[in-house]
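> Just passing along the structure, written as structure tokens.
Computed from the coordinates by the stated procedures, all read-outs in this text should not be read as laboratory data. These numbers come from a predicted model, not from an experiment. Cβ: placed from backbone, ideal geometry, glycine included. Neighbour counts: every protein chain shown.
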Amino acid sequence: MNGVDEMIIKTREKPLIILQLEALVRRLPPEHVKLPRIKESLSKRNAGYKGEKAVDYHLEQQPEKDFAILNDLRLQNDDYYYQLDSILINSSFIITLEIKNIAGTLFFDQNFHQLIRTIDGKETAFPDPIVQSQQHVTKLKNWLIKKQFPDIPIIPLVVISNTNTLIRTSPENQRLSDIVININYLPFKILQIQKLYSKQIFNDKDLKKLARQLKKNHTEQFQPVLPRFEINEKEVLKGVICPACKTLGMERIFGSWCCPRCQTKDKDAHILALNDYYLLFGQDITNKQLREHICISSPTLAVRILNSVTHSSSGSTKSKVHKLSLIVKE
């Protein structure tokens, strides 16, 4: 068994929802009444992403060729989609990871199937990640059957990525540690699973084929962020943001963007503005919409900019709709 040629088949990127929230924070007035709630949502999302990246570090320490690893995998199950934080494919088994970055003391209530977090004397209930991970196993098994892959053991793990978090349960649920682990124990847990499941089920061809198909079947989720916070499009600030001082309102002068505040000049400062447009309004943009968004008057300049950043278009000259794509991901 030669294993896989490349361990990380699908890398983890900053989630689209975080990019959308960051764009929204940039594009709302500082005094906007919804801004505190948006920033709170962004903070929670960033905490989750930070926890996932911490797990990635441990996964990257695994011996090469033992696993094919895919992160942030979103698959379709009939009419519904489900998200796998990470999936590790071995020739003898598959491990799915549900990653939680939650501070405080966590009590896994297996009678009512909920997670209770206590911090600063306050209790908060969360959906049971064990149930969620087991549901993912069922859906993944069905997906493998449909794709005609051999039956293989799938082991779900819930990884608590905050090393300061206390994990507790009732005395009769001590087998909880088979599923729920602290991030620091993850490498040892993987090694333990490797010893338990040693029978080869996937050959090299099957393993590589599965990794390719999973990556190919991944579907990115794009959900409009403005309706989530009941924000009107007219409330979104227009213009080009200075990359140096972050002031909104750069001016186009002799082929470059100039900041009236700090005098910074940048030929490509409009790229972030178009990125923000894509994240907040979607991929479709017309010449007029571009001019309004980056505050320019020349249709000819707008055409040049659109031709340099869009990958396709449709419609006649006056009503042509261009397709934007995500340019800046970090």
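> Let me make sure I get this right: for region 8-217, a, b and c are the square roots of the gyration tensor eigenvalues over alpha carbons, sorted descending. Under 1.5 in a/c it's rounded, otherwise prolate if a/b > b/c, else oblate. Which is it?
Judged from the Cα gyration tensor, region 8-217 comes out oblate (a/c at least 1.5, b/c at or above a/b).
> Determine the gain in length on full extension of the stretch L191-K53; use 0.36 nm per residue of separation and subtract their C-alpha separation, reporting nm with one decimal.
Fully extending the segment from L191 to K53 adds 47.6 nm.
> On a full-extension model of 0.36 nm per residue, what is the gain between K141 and S319, subtracting their alpha-carbon distance, rounded to one decimal in nm?
Between K141 and S319, full extension yields 59.4 nm more.
> Continuing with the same structure: What distance in nm separates the two pseudo spin-label positions at Q83 and I253, each 7 Å out from Cα along the beta-carbon direction?
Label-label distance for Q83 and I253, simple model: 4.4 nm.
> State, to one decimal in nm, how far the label point of K122 lies from the label point of K288, with both points 7 Å from Cα in the Cβ direction.
4.7 nm
> By count of other Cβ within 10 Å, fewest leading, how are V33, V25 ordered?
Exposure proxy ranking, most exposed first: V33, V25.
> How much length would be gained if the chain were fully extended between S177 and K246, taking 0.36 nm per residue of separation minus their Cα-Cα distance, in nm to one decimal?
20.1 nm
> When the Debye formula is applied to the Cα atoms of region 238-323, each taken as the same point scatterer, what base-10 log of I(q)/I(0) results at q = 0.14, 0.17, 0.18, 0.19 Å⁻¹?
Debye intensities relative to I(0), on a log10 scale: -0.45, -0.66, -0.73, -0.80.
> Continuing with the same structure: Among P156, L16, Q200, whose Cα lies farthest out toward the positive end of the dipole of region 8-217, if unit charges sit on the beta carbon of Lys, Arg (+1) and Asp, Glu (-1)?
L16
> If you don't mind, another one. Taking a virtual spin label 7 Å from the Cα of F107 along the C-beta vector, which residues in region 167-205 bring their backbone nitrogen under 14 Å of it?
From region 167-205, the list is 167-173.
> Determine the calculated [θ] at 222 nm for the chain from helices alone, applying -39500 (n - 2.57) to every DSSP H run no shorter than 4 residues and normalising by the residue count; nearest 500 deg cm²/dmol.
Counting only the DSSP helices, I get -10500 deg cm²/dmol.
> Which parts of region 64-99 would a label at I167 reach, counting a residue when its backbone N lies under 20 Å from a point 7 Å out along Cα-to-Cβ?
72, 84-89, 94-99
> Could you tell me which Cys residues in the chain have no other cysteine's Cβ under 4.7 Å from their own Cβ, answering none if every one has a partner?
Here C258, C295 come out as lacking a disulfide-compatible partner, given the Cβ-Cβ threshold of under 4.7 Å.
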